[in-house]
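First comes the structure, then the notes that go with it.
The values are calculated or read from the model by the stated rules, or taken from the named source; none is laboratory data. Computed from a prediction, not measured in an experiment: that's the story for all the values here. Neighbour counts run over all protein chains shown; Cβ positions are idealised from the backbone, glycine included.
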Amino acid sequence: MDVNTPDNDPIISAEQQRYATWLNWGMRSGLAILAVSFLAYVLGWLPAHFPLEQLPKVWGLSTAEYLKQTGAPTGWAWLNLIGYGDFAGLIGIAWLSACSLLCLLAVMPIYVRRKDRVFVAICVCALLVQLFAASGILSSVH
């Protein structure tokens, strides 16, 4: 149910405003990271871990064969290769994925001040689920 002011403008709560502000900042910075890392890759500012011209040869391979042919890491091991252009873009993807975590952390103090324990618990549960998923514990690629 939308709550409207007399002039039909919706009322935006403090937590909605904070979440939206943080998400907007995170999204814009993530897109900038993606753009810069892509340019660094295609313009050759960063070396490629696997030659760009050889990528079409491995696109149709199974995951296991692709990993073997390219020497690509699994899980969070890509962090060791962020100096390569073909892995630098993952920084932007990881950043965009983490934006919702940061937004939840940003709104939690509002809920704590209001003593809204249910919303604090929901935020904590959402954070734990996302962190658990990002941990790779349930990964199917070995």
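Summary of values
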{"quantity": "One residue from Tyr111, Tyr84 being in contact with a Pro (Cβ under 8 Å, 6 or more places away or on another chain) and among the aromatic types (Phe, Trp, Tyr)", "calculated": "Tyr84"}
{"quantity": "Single residue of Val58, Val118, Val129, Val124 found to be more than 22 Å from the chain's Cα centre (by Cα) and under 30 Å from Ile12 (Cα atoms)", "calculated": "Val118"}
{"quantity": "Matching residues in region 67-104 - criterion: being free of Cβ contacts under 8 Å to residues at least 24 places away in the same chain, farther than 21 Å from Val36 by Cα and in a loop (DSSP other than H, G, I, E, B)", "calculated": "Gly71, Ala72, Pro73"}
{"quantity": "Residue satisfying condition, being in a helix (DSSP H, G or I), at pLDDT below 95 and either touching a helix residue (DSSP H, G or I) at 6+ places or on another chain (Cβ under 9 Å) or not aromatic (Phe, Trp, Tyr) (or both), within set Ala35, Ala64", "calculated": "Ala64"}
{"quantity": "Subset of region 105-142 that is of a type outside the set (A, V, I, L, M, F, W, C) and part of a helix (DSSP H, G or I) - its residue that is farthest from Val36 (Cα to Cα)", "calculated": "Arg117"}
{"quantity": "Residue in region 13-32 that is over 30 Å from Leu128 (Cβ atoms), small (Gly, Ala, Ser) and either at pLDDT 95 or above or touching a His at 6+ places or on another chain (Cβ under 9 Å) (or both) present", "calculated": "no"}
{"quantity": "Qualifying residue in region 51-66 (condition: crowded, with 16+ Cβ neighbours inside 10 Å, touching a residue at least 12 places away in the same chain (Cβ under 8 Å) and on the phi < 0 side of the Ramachandran plot)", "calculated": "no"}
{"quantity": "Qualifying residue in region 91-104 (condition: surrounded by fewer than 12 Cβ atoms within 10 Å (Cβ to Cβ) and either closer than 26 Å to Leu23 by Cβ or within 20 Å of the chain's Cα centre (by Cα) (or both))", "calculated": "no"}
{"quantity": "Evaluation of Lys115 against (1) in contact with a Cys (Cβ under 6 Å, 6 or more places away or on another chain); (2) at positive phi (one fails), failing number", "calculated": "(1)"}
{"quantity": "Search result, residues across region 67-90 that are among the β-branched types (Val, Ile, Thr) and exposed (fewer than 15 other Cβ atoms within 10 Å of the Cβ)", "calculated": "Thr74"}
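Residues are listed down the side, and each one gets a yes or a no for (1) within 14 Å of the chain's Cα centre (by Cα); (2) surrounded by 12 or more Cβ atoms within 10 Å (Cβ to Cβ); (3) at pLDDT below 95; (4) closer than 30 Å to Val42 by Cα:
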position: Met108; (1), (2), (3), (4): no, yes, no, no
position: Val112; (1), (2), (3), (4): no, yes, no, no
position: Gly136; (1), (2), (3), (4): no, yes, yes, yes
position: Ser140; (1), (2), (3), (4): no, no, yes, no
